[in-house]
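Just below is one structure, and these are the notes that go with it.
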Amino acid sequence: MLTTQQIEPVSEALMEEIGFTWHTDPDGSAYVAPELLPVSEQEAEAYYAAANELYDMFAEAGQHIIDNDLFEELGIPESMIQLIKLSWDDDDWHLYGRFDFAGGIDGKPIKLLEFNADTPTSLFETCIIQWALLKSNGMDEEAQFNNAYEMIRDNFRRLITNDDGLEKFDEYYNGERILFSSVRDLPEDEQTTRLLQRIAIDAGYSTDFCYIDEAGFLPDEGVFNKDQELTNFWFKLWPWEDMAADEPELIDLLTETARKRTSVFINPAYTLMFQSKGILKVLYDLFPDSPYLLATDYQPLEGVKQVSKPVFGREGANVAILDQQGGVEESTDGPYDVHPMVYQEYAELASDSEGRAYQAGVFFAWEACGLGFRRGPKILNDTATFVPHVIR
């Protein structure tokens, strides 16, 4: 059983001041637990190694998907395929993503649950809030697996150098501009986007922010902000699959923009392949002996406990835990049942004495760079609590 260490929480006033406005759940409970989950150096190093190895496997799986035209199996709309191929062939830079893992802290092996490669959340909590908890409690600020801010900053610089020669940035940089956009009236998305904007400024970029409905698109000229100013790079915290479903004409415009290279999009369109849970089946086909992968198929697995989940979904919606005979043990409702399903071998999440499950999230930006945990029911949903960690 897992045990946590109680600490004094960061004040709500301070969290509000730095832009972390979603600190309290609708029931009045704290979204960030005033606790630390102890993690050993060996456990942190194991998460680091797992994420790094898995990212290489995802890259190989992406090429396999393109070579074998497996987009339909992944639930990827036809309108996105050309944009995905263009971003892949142009080697557009993947800024950041987040792996979700079972195991690793309870003596059980680390198992990949999914990769939030396009629009991962909990960045603010991982980069800023859990570090602030150590600092405000007079603890060693380095006692975390948490250099996500610095690694994302360096990855912004790689947008131009496109390699690990970060010293080349000043040579290549000539005033490139990044426009950051999020959906209006979603505070968490907006503040996460603004955090990334601050990191880009630290990396040396000129930046601007506008809501997605304020941005403009002309393939011959690129993406521009509400003041009609063009940008070299456009970061959007808006899932590619939602964009394809809601704004198909925009996908056509962006495809032409990508073809003409008038603006570059972050995260690139090929992250939709990584984001689709259908890639879990491709990975298992390619790497059946990997210790990090769970058996996954597009049809129910025979004779094993498993989880069914849509290829595109969020916050545990439309997920079911099925027993060995296929009976439903637990399930959730939601809006994502319009997507195809995948069936993944069940992996028990670590739990505490109150029966609350813990799922690890590891951010990736060039390499694994930040660990955090979510805690809640067996099927983690939007009521889950973020639990910071400390390296023992």
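The values are calculated or read from the model by the stated rules, or taken from the named source; none is laboratory data. All values derive from a computational prediction rather than experimental measurement. All Cβ positions, glycine included, derive from the backbone under ideal geometry; neighbour counts span all protein chains shown. Side chains included, ligands, DNA and RNA excluded: accessible areas come from the protein's heavy atoms. Shrake-Rupley method; radii C 1.70, N 1.55, O 1.52, S 1.80 Å.
The table for this structure:
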{"read-out": "Filter result (farther than 26 Å from Ala200 by Cα, surrounded by fewer than 19 Cβ atoms within 10 Å (Cβ to Cβ) and of a type in the set (A, V, I, L, M)) within region 233-258", "value": "Ala245"}
{"read-out": "Given (1) within 19 Å of the chain's Cα centre (by Cα); (2) closer than 23 Å to Leu196 by Cβ, index of the condition Thr21 fails", "value": "(1)"}
{"read-out": "Leading residue by the ranking (least open to solvent (accessible area, probe 1.4 Å)) among those in region 44-99 that are in contact with a Pro (Cβ under 6 Å, 6 or more places away or on another chain) and among the hydroxyl-bearing types (Ser, Thr, Tyr)", "value": "Ser87"}
{"read-out": "Residues of region 352-392 that turn out to be touching a helix residue (DSSP H, G or I) at 6+ places or on another chain (Cβ under 9 Å) and small (Gly, Ala, Ser), as a count", "value": "6"}
{"read-out": "Pair list, Cβ < 7 Å and 6+ apart or interchain, from region 58-75 residues that are touching a residue at least 12 places away in the same chain (Cβ under 8 Å) to residues that are assigned to a helix (DSSP H, G or I) and open to solvent by 40 Å² or more (accessible area, probe 1.4 Å)", "value": "Glu60/Leu286; Ala61/Leu286; Gly62/Trp88; His64/Leu286; Ile66/Lys85; Ile66/Trp88"}
{"read-out": "Residues located in region 331-351, provided they are at pLDDT 90 or above, open to solvent by 10 Å² or more (accessible area, probe 1.4 Å) and part of a strand (DSSP E or B)", "value": "Met341, Tyr343, Glu345, Ser351"}
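Yes/no per residue for (1) open to solvent by less than 50 Å² (accessible area, probe 1.4 Å); (2) under 28 Å from Asp106 (Cα atoms); (3) among the aliphatic types (A, V, I, L, M):
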site: Glu8; (1), (2), (3): no, yes, no
site: Leu14; (1), (2), (3): no, no, yes
site: Asp27; (1), (2), (3): no, no, no
site: Tyr31; (1), (2), (3): yes, yes, no
site: Gln42; (1), (2), (3): no, yes, no
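One line per residue, one yes/no per condition, for (1) open to solvent by less than 20 Å² (accessible area, probe 1.4 Å); (2) part of a helix (DSSP H, G or I):
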site	(1), (2)
Leu272	yes, yes
Gln299	no, no
Glu302	no, no
Phe312	yes, no
Gln324	no, no
